[in-house]
Structure formats: structure tokens, C-alpha cells
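Below is one structure, written out as C-alpha cells, with a few remarks after it.
Please treat every number below as a calculation from the coordinates, not as lab data. Keep in mind the model is a prediction, meaning the values are calculated, not measured. Reconstructed Cβ throughout: ideal geometry from the backbone, glycine too, with neighbour counts over all protein chains shown.
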Amino acid sequence: MSKVTFYILEHVTDDNSQQPAHLVLACQLAAKCFRSKQRCLVFCDTQALAEQFDELLWQLPTDSFVPHNLAGEGPPAGAPVEISWQAPGQYNRGVLINLSPEVPDFHHRFSQIYDFVPAGDALKQQARDRYKDYRGAGNQLDTLPGSTLSNDTVPGNSMNETQPNG
């Protein structure tokens, strides 16, 4: 059984960076995982989205660098944060950050899953469907406002300063 946390977003785009709000929050979660020494997989539904997310992580301030790679690149065991649009070949990570509109078939291999409820109506319905699917699979579910991570660094906004976790 996995613990699934849904973050509820109030806006379609991040006010500071003008990037999709769920991608900005996913960057913050990936950074938080890295700082906590938790290896994570960021799962996207397309290669284009994976590449977009990869670029967002590169936009983090240099003092907030998050070692990451697209699947198939980087060191043999992968970087602490791996980004993929395909099912992973090995499951050596405890955290899944789901950016796909569907629940990944392999989600049960992760102890912690982060997912998102975007502000747009169509995306909200997809999130409701994922919530039902996770619940039907027997996972432990929780919801939090996306603003609970708002003190972390936002990619694409060079005016941000890294806030210590405490």
C-alpha cells in the first residue's frame, strides 16, 4: 500500500514564473525529496512534458541545484531525481511524483506518491478519477493545499531565495 498525497492548486499558472502551477509544485517536491535524501521518479505522460520538466529543474537557482536526469541518461543508477515518460526498468526509488493524467500501472511499487489537483475544470476531473483509482487500489490518501510548499524555491524566478526547511 502506498501513501498518496494530492496537492490542491488554486491557480493554473504560478504567479511568479508563469509556468504551469502543477509543474512548479512538482519541482518543489523533487527538490524537497533531494534535500531529504529520498530518490524520486517524476513520471510524465509524454517525452515533451518530461523535457519541459527537465528544463524547469535546470532553472532553479544554483544554490538550489537538484541532480536529475531524463531516463536513460546520466549515471547507471540514475540521479537522485529521474524524469521518465515510460515505466522504469528498475524500481530503486521510494517516491513517485505523478504528472500523468492517469494512475501509472506501476504506482504500487512506491511508498510515497505525490499527485496534483490542478485548477482547470477538465484537469480537476482527471484528478478526481485518479483519486478514485488510487483509493480503489487500497492506497492511503491525503490532500493538502498546494500553498503548503509555497515557501520553497520556484523555478524560472531568479528573484527567489532558498528558504531553509525547518
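Semi-axes, largest first, in whole Å: what does sqrt of 5 times each Cα gyration tensor eigenvalue give for segment 30-118?
Largest first, segment 30-118 gives 18, 15, 14 Å.
Looking at the chain, which Cys residues are left with no other cysteine's beta carbon under 4.7 Å from theirs?
Cys27, Cys44
For segment 96-112, in order, what is each residue's ³J(HN,Hα) by Karplus, 6.51 cos²θ - 1.76 cosθ + 1.60 with θ = phi - 60°, in whole Hz (x at glycine and Pro)?
10, 10, 8, 10, 8, x, 10, 6, x, 4, 9, 4, 5, 7, 10, 7, 10
Between Tyr91 and Ala48, what length in nm is gained on full extension when 0.36 nm per residue of separation is reduced by their alpha carbon distance?
Values: separation 43, 0.36 × 43 = 15.48 nm, distance 2.28 nm.
Difference between extended and current length: 13.2 nm.
With r defined as the distance between the Cβ atoms of Glu73 and Thr13 and R0 fixed at 30 Å, what FRET efficiency is calculated, to the nearest 0.05? Before the final figure, lay out the partial values.
Numbers: r = 28 Å, r/R0 = 0.94.
Efficiency computed from Cβ-Cβ geometry: 0.60.
Under a no-solvent Debye model with one identical scatterer per Cα of segment 1-67, what's log10 I(q)/I(0) at q = 0.26, 0.27, 0.29 Å⁻¹?
Listed by q, the Debye log ratios stand at -1.39, -1.43, -1.46.
Taking the chain as a Gaussian network, where each spring joins two C-alpha atoms under 10 Å apart, which residue of Asn139, Asn98, Asn16 fluctuates the most?
Asn16
How many nm separate the modelled label positions at Gln126 and Asp105, each set 7 Å beyond the Cα in the direction of the Cβ?
In this crude label model, Gln126 to Asp105 measures out at 2.0 nm.
Out of residues 5 or more away from Ile97 or on other chains, whose amide H comes under 5 Å of its own, with H placed 1.01 Å from N in the peptide plane?
Close amide H contacts, sequence-distant or interchain: Leu41, Val42, Phe43, Tyr114.
The chain: Rg/Rh from Cα coordinates, Kirkwood Rh?
Using only Cα positions, Rg/Rh for the chain is 0.93.
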